[in-house]
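Undergrad: Got a structure here, written out as structure tokens. Questions coming.
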Amino acid sequence: MSNLNLAVRDSSTMLRRNLLHARRYPSLTLNLLLTPVMLLLLFVYVFGDAMSAGIGGGDRSDYVAYIVPGLLLMTIGSTTIGTAVSVSNDMTEGVIARFRTMAIHRGSVLIGHVIGSVVQSIMSVVLVGAVGLAIGFRSADATALEWLAAFGLLVLFTVALTWIAVGMGLVSPNAEAASNNAMPLIFLPLISSTFVPVDSMPGWFQPVAEYQPFTPAVETLRGLLLGTGIGHNGWLALVWCLALTALGYFWSTSKFDSDPK
């Protein structure tokens with residue numbers, strides 16, 4: 001069997017393994033998914049009118065349109081925390097050590113985690129998007145090409161954060177540490193343009209919020225879905241996705257190859 005065929009076969013097996021784990025232990029995914037859903041409902045129904053006035057909107061529906069794209073990306077960050085925990089469990093419970101003794105493609109273990117996490121994250125995004133539609137989000141101005149570009153951005157962003165989460169799981173001594181190490185993936189959206197425009201923040205803080213990974217991605221997704229301007233955010237979002245993917249991939253593979261456990 002060729003190396004490519006071996007990699008595809010073993011990666012498919014590892015993907016099924018991770019999806020089965022997610023199905024058997026759904027509590028972690030559900031807990032992480034509830035965070036963006038609860039934030040969406042809280043900000044729309046409790047703070048919606050005030051926040052809408054703050055962004056220059058007319059009523060709560062304007063804030064629904066503003067916040068949903070950011071919450072979709074925050075959902076990705078929340079879901080990938082489960083990836084860090086899952087990878088850490090595999091490393092600390094000896095599963096990886098057993099895989100190392102078997103005649104399987106070495107990279108298939110990480111590839112299975114990554115693809116499984118991407119599938120779960122996209123499913124979570126669909127669920128949060130459904131909640132957004134149920135409370136009034138509409139994207140009537142988006143063309144089919146813009147919808148396709150928005151989906152592509154979500155997938156790229158998911159892959160980028162998933163590789164970072166895999167690296168966090170590999171360097172964590174246990175599942176609790178992995179969860180704590182991955183918390184920036186939830187914290188960063190809170191200091192981005194997800195909830196309020198960057199120009200409404202203090203002047204000294206605006207560069208921090210503007211040039212971190214989430215803000216360009218949020219503004220690009222918002223522009224694609226709502227027909228607003230994207231400007232330089234599209235290129236920034238793409239650069240961030242590619243840079244984080246490369247960083248997470250080389251970090252994860254180097255740590256996995258060097259770890260004797």
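The values are calculated or read from the model by the stated rules, or taken from the named source; none is laboratory data. These figures come from a predicted structure and were not determined experimentally. For neighbour counting, all protein chains shown are included, and Cβ atoms are generated from backbone atoms with ideal geometry for every residue, glycine included. Just so you know, the surface numbers come from the protein's heavy atoms only, side chains and all, with ligands and any DNA or RNA stripped out. Shrake-Rupley method; radii C 1.70, N 1.55, O 1.52, S 1.80 Å.
Residues checked against (1) modelled with pLDDT under 90; (2) touching an Asp or Glu at 6+ places or on another chain (Cβ under 7 Å); (3) under 27 Å from residue 113 (Cβ atoms); (4) among the charged types (D, E, K, R):
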site: 9; (1), (2), (3), (4): yes, no, yes, yes
site: 12; (1), (2), (3), (4): yes, no, yes, no
site: 18; (1), (2), (3), (4): yes, no, yes, no
site: 68; (1), (2), (3), (4): no, no, no, no
site: 71; (1), (2), (3), (4): no, no, yes, no
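Undergrad: Somewhere in the stretch 196-203, is a residue outside any helix (DSSP H, G or I), among the hydrophobic types (A, V, I, L, M, F, W, C), without any contact (Cβ under 8 Å) to a residue 24 or more places away in the chain and under 24 Å from residue 49 (Cα atoms)? Reasoning before the result, please.
TA: Just the residues of the stretch 196-203 that are outside any helix (DSSP H, G or I), to begin with: 196-197, 201-203.
When the remaining residues are screened for being among the hydrophobic types (A, V, I, L, M, F, W, C), the result is 196, 201.
Still in the running and without any contact (Cβ under 8 Å) to a residue 24 or more places away in the chain: 201.
Adding the requirement that they be under 24 Å from residue 49 (Cα atoms) leaves 201.
Yes.
Undergrad: Any chance the stretch 235-244 includes a residue that's open to solvent by 20 Å² or more (accessible area, probe 1.4 Å) and either in contact with a His (Cβ under 9 Å, 6 or more places away or on another chain) or closer than 30 Å to residue 45 by Cα (or both)?
TA: Step one: list which residues in the stretch 235-244 are open to solvent by 20 Å² or more (accessible area, probe 1.4 Å), which gives 235-236, 238-240, 242-244.
Those left that are additionally either in contact with a His (Cβ under 9 Å, 6 or more places away or on another chain) or closer than 30 Å to residue 45 by Cα (or both): none.
No: the stretch 235-244 contains no residue that is open to solvent by 20 Å² or more (accessible area, probe 1.4 Å) and either in contact with a His (Cβ under 9 Å, 6 or more places away or on another chain) or closer than 30 Å to residue 45 by Cα (or both).
Undergrad: Among helices (runs of 4 or more DSSP H) lying entirely in the stretch 29-148, which contain 3 or more residues that are more than 20 Å from the chain's Cα centre (by Cα) and surrounded by 17 or more Cβ atoms within 10 Å (Cβ to Cβ)? I'd like the intermediate steps shown before the answer.
TA: Details: elements: 48-54, 60-92, 95-100, 108-134.
In the stretch 29-148, the matching helices (runs of 4 or more DSSP H) lie at 48-54, 60-92.
Undergrad: When you scan the stretch 165-192, how many residues do you find that are at pLDDT 90 or above, closer than 16 Å to residue 237 by Cα and open to solvent by less than 30 Å² (accessible area, probe 1.4 Å)?
TA: Of the residues in the stretch 165-192, 2 are at pLDDT 90 or above, closer than 16 Å to residue 237 by Cα and open to solvent by less than 30 Å² (accessible area, probe 1.4 Å).
Undergrad: Follow-up question, since we're still on this one. For residues that are surrounded by 24 or more Cβ atoms within 10 Å (Cβ to Cβ) and of a type in the set (Val, Ile, Thr), scanning just the stretch 207-227, find the one that is nearest to residue 243 (Cα to Cα).
TA: Among them, the one singled out is 215.
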